[in-house]
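J.: Input: one structure, supplied below.
Computed from the coordinates by the stated procedures, all read-outs in this text should not be read as laboratory data. What you see is a predicted model, and the numbers here were worked out from it, not measured in a lab. FYI the Cβ positions are ideal-geometry reconstructions off the backbone, even for glycines, and counts take in every protein chain you see.
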Amino acid sequence: MILLTSDTETKPTQAMRQAIATAEVGDEQKGEDPTVNQLLERVADLLGKEAALFFACGTICNFVAIKTHTRPADVVLVEQMAHIIRAESGGAAMTSGVLMEPIASDRGIFTVNALAQSLERVATAPYLYSSIPRLLCVEQTHNFGGGSVWQLNELRQVCEFSRQKGLATHMDGARLLNAVVASQTPAKDFAGCVDSVWIDFTKGLGAPIGAVLAGTREFIAEARRYKHIFGGAMRQAGIVAAGCLYALDHHVERLQEDHDNATYLAQRLSEIEGITVQDPKPETNIVFFDVSRLGLDKAMFLTLLQQGGVKMGAVGHSIRAVTHLDVSRADIDFAVDAISKVAKSSWH
Ligand SMILES: *Cc1c(COP(=O)(O)O)cnc(C)c1O
């Protein structure tokens, strides 16, 4: 079965498992796991931040960051299709008691103007009746926007504007390193636009568990308390941090292969009659396409495709395919053939 459902489908390689098996470990809760500490130093340095904190996954990084930046009844401004409002079970509402104000955009990348409009809807100082806008979140790359990349100048503009308005800034950088590789922009430069940022090791980087949140020393000290409260503190977490370190050493530059495979997939799919590819030149590793012209609904299409040996997923009105380290160019060819067959069979 070829798994294009998500880049979370990656399984640890033999070499990564070797690194995991031989990891030095200690008590992570007490800050005494040497492998975790090494990872935190690496990531803080990569992102140009003072301090960092290890988590089991990215979702809790978002919860803890939002909790640390806000107080209950504050407003978080976030793009309308962001993972934070569409795919985290409403958790920030429960754990932080915040309101989410959606920002309009086409593919996840919004303008200063769109942000200003959202802000105007929310806030009229001195905030007696309106709630208080406290935090702006950006997503790099933007998942449901099709793996779209914030260019550095676009990101700088919105974060600068946001800061002038007194808001803190947070980056959901689940796929920040895809943006780094695609745009040839150092991670530090993107991360320098925001107060807090995290990266995920379980997406294209191919580790089994792990995400790292970074920020100022003060921010991380407070985040550490919330991590504990949320049940996120661990013990011999070096076991998994070793996989993350391995990924930093071996799986970053190769993300370009995933991007090339996504572009190849998008181009081949756009040649199939009845398939509408959202972006024939995807910026990173995510391809969205529409099958409604085939006269098939999404669920039926996915079932037929799976019978042909390929798994994909549905997001909104579209089918989503995500390339990653366990999918080769030959696998993409196989997937395209399987989709062609489904498309042909749907015509009669
Ligand atoms: C996957 C993802 C998350 C959540 O990360 P997990 O490690 O799966 O919890 C958050 N934001 C974005 C944009 C993601 O793609």
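J.: Which condition breaks for VAL240 when tested against (1) without any contact (Cβ under 8 Å) to a residue 24 or more places away in the chain; (2) among the β-branched types (Val, Ile, Thr); (3) surrounded by 19 or more Cβ atoms within 10 Å (Cβ to Cβ)?
T.: Among (1) without any contact (Cβ under 8 Å) to a residue 24 or more places away in the chain; (2) among the β-branched types (Val, Ile, Thr); (3) surrounded by 19 or more Cβ atoms within 10 Å (Cβ to Cβ), the lone unmet condition for VAL240 is (1).
J.: Moving to a separate point now. Output the residues belonging to region 194-222 that are away from the ligand (no atom under 16 Å from the Cβ) and surrounded by 24 or more Cβ atoms within 10 Å (Cβ to Cβ).
T.: Filtering region 194-222 down to residues away from the ligand (no atom under 16 Å from the Cβ) leaves 195, 215-222.
Once the filter is applied, which keeps residues that are away from the ligand (no atom under 16 Å from the Cβ) and surrounded by 24 or more Cβ atoms within 10 Å (Cβ to Cβ), region 194-222 yields only GLY215.
J.: Just the residues that are crowded, with 21+ Cβ neighbours inside 10 Å and not hydroxyl-bearing (Ser, Thr, Tyr), please, taken from region 7-18. Talk me through it step by step, then tell me what you get.
T.: Here is the first cut: in region 7-18, the residues crowded, with 21+ Cβ neighbours inside 10 Å are 7, 10, 16.
ASP7, MET16, listed by residue number.
J.: Related question: Which pairs do you get when a residue that is on the phi > 0 side of the Ramachandran plot and in contact (Cβ under 8 Å) with a residue 12 or more places away in the chain, found in region 136-164, comes within reach of a residue that is of a type in the set (Lys, Arg) and surrounded by 24 or more Cβ atoms within 10 Å (Cβ to Cβ), reach meaning Cβ atoms under 9 angstrom, with the pair 6+ apart or on two chains?
T.: Final answer for the pair search is GLY147/ARG175.
J.: Here is a further query. Give the number of residues within region 84-94 that are surrounded by fewer than 18 Cβ atoms within 10 Å (Cβ to Cβ) and either farther than 17 Å from THR141 by Cβ or among the β-branched types (Val, Ile, Thr) (or both).
T.: Restricting attention to region 84-94, the residues satisfying the condition of being surrounded by fewer than 18 Cβ atoms within 10 Å (Cβ to Cβ) are 86-87, 89-91, 93-94.
Restricting the remaining residues to those that are either farther than 17 Å from THR141 by Cβ or among the β-branched types (Val, Ile, Thr) (or both) gives 89-91, 93-94.
Of the residues in that region, 5 qualify.
J.: I would also like to ask the following. Could you pull out every one of the helices (runs of 4 or more DSSP H) wholly within region 235-348 that has 2 or more residues that are within 30 Å of GLN151 (Cα to Cα)? Break it down stepwise before answering.
T.: Details: elements: 238-250, 255-270, 298-307, 329-346.
Qualifying helices (runs of 4 or more DSSP H): 238-250, 255-270, 329-346.
J.: Can you tell me which residue within region 124-161, out of those that are within 16 Å of the ligand (Cβ to nearest atom) and among the small types (Gly, Ala, Ser), is nearest to the chain's Cα centre (by Cα)? Can you show your working first?
T.: Going residue by residue through region 124-161, those that are within 16 Å of the ligand (Cβ to nearest atom) are 135-150, 155.
Then drop every residue that is not among the small types (Gly, Ala, Ser), which leaves 145-148.
Working: GLY145: 11, GLY146: 11, GLY147: 9, SER148: 11 Å.
Here the answer is GLY147.
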